[in-house]
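Take a look at the structure below.
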Amino acid sequence: MASPDITEMLEKSKELDRLRKEQEEVLLEINKMHKKLQNTPEAVEKPGDNSLSKLKMLYTQAKELSESEMSISNQLLGQLDAMIPAGGAGQQRRRIEGNEQKKKRMKGDPDIPRLSPSMRNQQEFFASLKGEQVAARVAQEDGEKDEWVIVKVTHYDKESKEFEVLDEEPGDDEEGGGQRKYKLPWSHIIPFPKISDLATAPEFPPGKQVLAVYPGTTALYKATVVQARKRKSDDYTLEFDDDEEDGSLPQRMVPCNQVVALPDGHRQ
């Protein structure tokens, strides 16, 4: 049977593997964003484009994962130092952990990765969405189409970085007919502009493709802006894809707080 120290080290090694896999996924997303910006650098100047904000969020996440990896690596090094007998190979070992880090660590406290200010602000923003309605992509990654619906945020888990959301619209009889719950990553969530602060809502010009709530439903679909937001009513005039009636696309009015930027790679 393995000793408690060895067992703990093996658990930390598994955690390192998980962190590295997450880093690989984030780096893939970063590379996709870099490719997009290289191909269409003018896109960031368009109203409603969130490419730079998304890239910043990805870099922040990569930095946090890297800090977590370093913290666990330092813990493993400390355990190995304690287990290797003094002298011989032990004299050649390198201590990566500096004195300043040692002073900051309280005896008996576990190593907790410190969040950067930008990451802390992001976490606080996500947590503040509790009770709010947001747009959420609930379809499976391998699905043929992206399914976006209005859901209510019930909880944000800072450890797993996942949202717990509730689709308040009753499901079909085949799905049990009740309200559905989902656990989703932040990349599957788009906050709506706040009704109390519409002055900060993004502006979408005519011809811009957006994601919007189809009138009378809780589902969001791809649409094209026909008329920009009207200040008196705060409504957009939109034409929804695949909404053809009598050979033409009807123009529909949608409140600006139910219109968001179209996600990259949207499938409909």
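The values are calculated or read from the model by the stated rules, or taken from the named source; none is laboratory data. Just so it is clear, the structure is predicted and the values come from calculations on it, not from any experiment. Reconstructed Cβ throughout: ideal geometry from the backbone, glycine too, with neighbour counts over all protein chains shown. Just the protein is used for accessible areas: all its heavy atoms, side chains included, with ligands, DNA and RNA removed. Shrake-Rupley method; radii C 1.70, N 1.55, O 1.52, S 1.80 Å.
Tell me which residues, restricted to the range 216-239, are outside any strand (DSSP E or B) and more than 21 Å from E132 (Cβ to Cβ).
Within the range 216-239, G216, R231, K232, S233 meet the criteria.
Out of everything in the range 37-63 that is among the charged types (D, E, K, R) and modelled with pLDDT under 75, what residue ends up being farthest from the chain's Cα centre (by Cα)?
So, considering only residues that are among the charged types (D, E, K, R) and modelled with pLDDT under 75, the one farthest from the chain's Cα centre (by Cα) is E42.
Spot the failing condition for K230; the list is (1) over 25 Å from the mean Cα position of the chain (by Cα); (2) crowded, with 19+ Cβ neighbours inside 10 Å, and only one is missed.
(2)
Does the range 171-183 include one or more residues that are at pLDDT 70 or above, open to solvent by 30 Å² or more (accessible area, probe 1.4 Å) and under 20 Å from N257 (Cα atoms)?
No, there is no match, as no residue in the range 171-183 is at pLDDT 70 or above, open to solvent by 30 Å² or more (accessible area, probe 1.4 Å) and under 20 Å from N257 (Cα atoms).
Hey, any hits in the range 14-32 for a residue that's open to solvent by less than 40 Å² (accessible area, probe 1.4 Å), hydrophobic (A, V, I, L, M, F, W, C), under 25 Å from P205 (Cα atoms) and assigned to a helix (DSSP H, G or I)?
No, the conditions are met nowhere in the range 14-32.
Out of (1) open to solvent by 40 Å² or more (accessible area, probe 1.4 Å); (2) modelled with pLDDT of 70 or more; (3) polar (S, T, N, Q), what's the single condition that is false for Q92?
Exception for Q92: condition (2).
If we scan the range 118-130, do we find a residue that is farther than 25 Å from S66 by Cβ, hydrophobic (A, V, I, L, M, F, W, C) and at pLDDT 60 or above?
There is at least one residue in the range 118-130 that is farther than 25 Å from S66 by Cβ, hydrophobic (A, V, I, L, M, F, W, C) and at pLDDT 60 or above.
So which of E245, E203 ends up being over 23 Å from the mean Cα position of the chain (by Cα) and charged (D, E, K, R)?
After applying the criteria, what remains is E245.
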